[in-house]
Amino acid sequence: MSSFREERAVEKKLTILRMAANLFIQKGYYATTIEDIANELRMTKGAIYYYVNSKEDLLFQCHTLVATKCIENLQEIIESNDTSLKKLEKSIESLVLYIIEENAVFNIINRHNMLSEELHKKVLLQRDSYEELFESVLEDGKNDGSFHTENVKLAKLLILGSINNISTWYKPREGQSNKEIANFYSKNLIKVLTE
């Protein structure tokens, strides 16, 4: 069980990553400095460096934040006793809602890759881990007859490509909740595999 201090540290780091992502979008990655982020948060540069090693590390931590949470959410869905259809529905909705919740972070990691080759390889491994889990949901559904597709890999790319694009257009809309957007995506993307 984590302590209150640990929870506060996690929250502080999330706040820093979210602010960094917003500033990277507004000013550009190269034009944004650690000092800019510190000023926006009314923190010292030293306080920022307590959580990250560099601006590149900030960008890498944005990738890691997203990958870790997405993998955790998907593993929980896979381990449930739900049907393949329900697992896919929940997988899609979970990802859509998380992209909306962390829109700035998703936006920056989808638009920019300024990472060193070593960190970029780590990011690709994280993405591969998520995609393999997602593909396993589709494979199980194909095997039990729930989904009709000749190519699970392409079906995965179709679904994830469509969902990942949300970060480029999403803005809060009057009369349309995040849950409704997530339901729309799951309902319509699942049709591709079931009709």
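The values are calculated or read from the model by the stated rules, or taken from the named source; none is laboratory data. Values in this document were obtained by computation on a predicted structure and should not be read as measured data. Cβ coordinates were reconstructed from backbone atoms using ideal geometry, including for glycine residues, and neighbour counts include every protein chain displayed.
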Restricting the range 1-53 to residues that are part of a loop (DSSP other than H, G, I, E, B) and β-branched (Val, Ile, Thr), the residue that is farthest from Thr68 (Cα to Cα): Thr44
Can you list residue pairs whose Cβ atoms sit under 7 Å apart, with the first residue in the range 154-174 being at negative phi and of a type in the set (D, E, K, R) and the second being in a helix (DSSP H, G or I) and modelled with pLDDT of 90 or more? Count only pairs 6 or more apart in sequence or on different chains. Lys156/Glu131; Lys156/Phe134; Lys156/Glu135; Lys156/Leu138
Where in the range 109-195 are there helices (runs of 4 or more DSSP H), lying fully within it, with 1 or more residues that are over 29 Å from Gln26 (Cβ atoms)? 117-143, 152-164, 178-194
Between a first residue in the range 83-102 that is touching a residue at least 60 places away in the same chain (Cβ under 8 Å) and over 23 Å from Glu139 (Cα atoms) and a second residue that is of a type in the set (Gly, Ala, Ser) and crowded, with 19+ Cβ neighbours inside 10 Å, which pairs have beta carbons less than 9 Å apart while being 6 or more apart in sequence or on different chains? Leu97/Ala182; Ile99/Ser167; Ile100/Ser167; Ile100/Ala182; Glu102/Ala21; Glu102/Ser167
Out of the residues in the range 76-100 that are of a type in the set (Gly, Ala, Ser) and part of a helix (DSSP H, G or I), state the one that is farthest from Lys191 (Cα to Cα). Ser94
Counting just the residues of the range 100-146 that are of a type in the set (S, T, N, Q) and closer than 16 Å to Leu74 by Cα, which one comes out farthest from the chain's Cα centre (by Cα)? Ser136
In the range 161-184, which residues are among the aromatic types (Phe, Trp, Tyr) and more than 16 Å from the chain's Cα centre (by Cα)? Phe184
Could you check Leu58 against (1) touching a Leu at 6+ places or on another chain (Cβ under 8 Å); (2) part of a helix (DSSP H, G or I); (3) modelled with pLDDT under 90 and say which number it fails? (3)
Those residues of the range 78-127 that are modelled with pLDDT under 95, charged (D, E, K, R) and surrounded by fewer than 19 Cβ atoms within 10 Å (Cβ to Cβ) come to a total of 7
Please tell me if Glu6 is over 18 Å from Phe106 (Cβ atoms) and touching a residue at least 40 places away in the same chain (Cβ under 8 Å). no
Quick check, is Leu65 in contact (Cβ under 8 Å) with a residue 40 or more places away in the chain and closer than 19 Å to Ser186 by Cβ? no
Before we move on, is Ile25 in contact with a helix residue (DSSP H, G or I) (Cβ under 8 Å, 6 or more places away or on another chain), farther than 27 Å from Phe134 by Cα and at pLDDT below 90? yes
Name the single residue that is farthest from Ser136 (Cα to Cα) among those in the range 146-195 being among the aromatic types (Phe, Trp, Tyr) and in contact with a helix residue (DSSP H, G or I) (Cβ under 7 Å, 6 or more places away or on another chain). Tyr170
Note on the range 1-33: residues more than 23 Å from the chain's Cα centre (by Cα) and aliphatic (A, V, I, L, M) are Met1, Ala31
